[in-house]
Amino acid sequence: MKPNITTIPITELFSETTGCPVCRMRDMLEEQYAEYVTGAAMMAPDVRVQTNRTGFCHRHFSMMVNSGPRLSNALLLQTHIDELRKKVFPKKNTDTPDKKMLAAIRENARTCYVCDRVEHDILHLLSTVYVQFGSDPDFRERYKAQDFICLEHYALLMSSVNKKAMDKKTLIEFYEATNTLSKGYADTLYDDVTHFASMYDYRNRGGDYKNSKDSIERSVSFLTSYPVDENLK
Ligand SMILES: [Zn+2]
Ligand SMILES: [Zn+2]
């Protein structure tokens with residue numbers, strides 16, 4: 001079945017508080033789409049037309065390969081590579097590729113079916129977040145109780161805010177809560193990495209690390225919206 005964003009429980013998503021709520025939303029959608037493209041979408045010719053054209057980014061290829069059936073991955077790759085090779089390589093082996101072909105390679109590196117769908121769905125889901133924030137005091141408290149909002153999703157929440165979804169006073173409350181969750185968190189991270197670095201000073205030997213031991217990992221999550229990848233060395 002195609003992922004259905006109306007089944008994504010916004011209130012439930014915001015009942016959790018670990019990490020950035022929009023990252024959690026994205027993770028949920030990514031997982032659903034990675035499963036969908038190697039599952040039900042194999043029978044959906046219109047999706048195959050799109051995936052043949054766009055391909056996938058490294059992250060989403062990895063999710064599909066690690067969790068999807070081998071045969072589905074092989075079939076998706078077969079038709080994608082076939083379409084791509086006709087588009088990006090010259091017909092004759094002795095020819096050089098033209099500008100259009102080289103541009104198509106760059107375009108292919110930028111496009112991903114899952115990224116496109118997730119980005120589209122997040123915008124839809126955020127419109128519900130604004131409406132909930134504007135109409136439900138309980139939801140406003142849940143929103144404010146989040147750990148933090150990462151930098152990328154701070155920009156997204158602030159730039160796509162639907163001012164019609166709330167009255168003026170609530171809109172100011174939204175800006176204030178969102179700034180606290182992102183700017184306030186950046187301030188905390190600054191203090192934590194500063195404290196962590198200071199613990200390397202011999203004068204602080206045996207001192208208290210306080211909340212700073214994982215400040216490097218938390219900073220990377222905040223800045224990039226993804227946790228440190230332990231597989232990369
Ligand atoms: Zn985020
Ligand atoms: Zn992607």
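All of the numbers you see were taken from the coordinates with simple rules; none came from a lab. These numbers were taken from a predicted model, which means no experiment stands behind them. Cβ atoms come from the backbone with ideal geometry, glycine included; neighbour counts cover every protein chain shown.
Can you work out the FRET efficiency for the pair Arg106 and Ser127, with r the C-beta to C-beta distance and R0 = 35 Å, to the nearest 0.05?
0.60
Return the distance in nm (one decimal) between the two label points of a simple spin-label model at Asp214 and Asp191, each offset 7 Å from Cα along Cα→Cβ.
1.9 nm
Which Rg and Dmax, in Å, describe the Cα atoms of the range 1-115?
That works out to 17.2, 61 Å for Rg and Dmax.
Give the value in nm², to one decimal: projected area of the alpha carbon convex hull of the range 14-77, averaged over all directions.
Result: a mean projected hull area of 5.0 nm².
Stokes-Einstein diffusion coefficient for the range 184-233 at 4 °C in a medium of 1.567 mPa s, Rh from the Kirkwood formula over Cα pairs: what value in µm²/s?
110 µm²/s
Enter the Cα centre distance for the pair the range 153-181 and the range 1-74, rounded to the nearest angstrom.
Using only Cα atoms, the two centres lie 28 Å from each other.
Can you tell me how much longer the chain between Ser62 and Arg85 gets when fully stretched, taken as 0.36 nm per residue apart minus their C-alpha distance, in nm with one decimal?
Additional length available on full extension: 6.1 nm.
Tell me which lysines have Cα within less than 26 Å of Lys164's Cα, excluding those fewer than 8 residues away on the same chain?
Once the sequence-local lysines are set aside, what remains near Lys164 is Lys144, Lys183.
In the range 127-233, which GluC sites (Glu not before Pro) are in a loop and have at most 14 other Cβ atoms within 10 Å, using DSSP for the loop call?
Passing both the DSSP loop test and the Cβ count: Glu230.
Can you list the lysines whose alpha carbon is less than 23 Å from that of Lys100, not counting same-chain residues fewer than 8 positions off?
Lys86, Lys87, Lys91, Lys92
Hey, how much of the P(r) for the range 69-182 falls beyond 18 Å, as a percent of Cα pairs?
Tail fraction, whole percent: 65.
Please state the Cα pair-distance histogram of the range 12-224 with 5 angstrom bins from zero: what percent is in each bin?
Binned Cα distances yield the sequence 1, 6, 11, 13, 12, 11, 11, 11, 9, 7, 4, 2, 1, 0.
What does the helix-only formula give at 222 nm for the chain: each DSSP H stretch with n ≥ 4 adding -39500 (n - 2.57), the total divided by the residues, and the result rounded to the nearest 500 deg cm²/dmol?
Roughly -20000 deg cm²/dmol at 222 nm, from the helical runs in the chain.
Dipole size in debye (nearest 20) for the range 1-84 around its Cα centre, Lys and Arg Cβ +1, Asp and Glu Cβ -1?
The calculation lands at about 120 debye.
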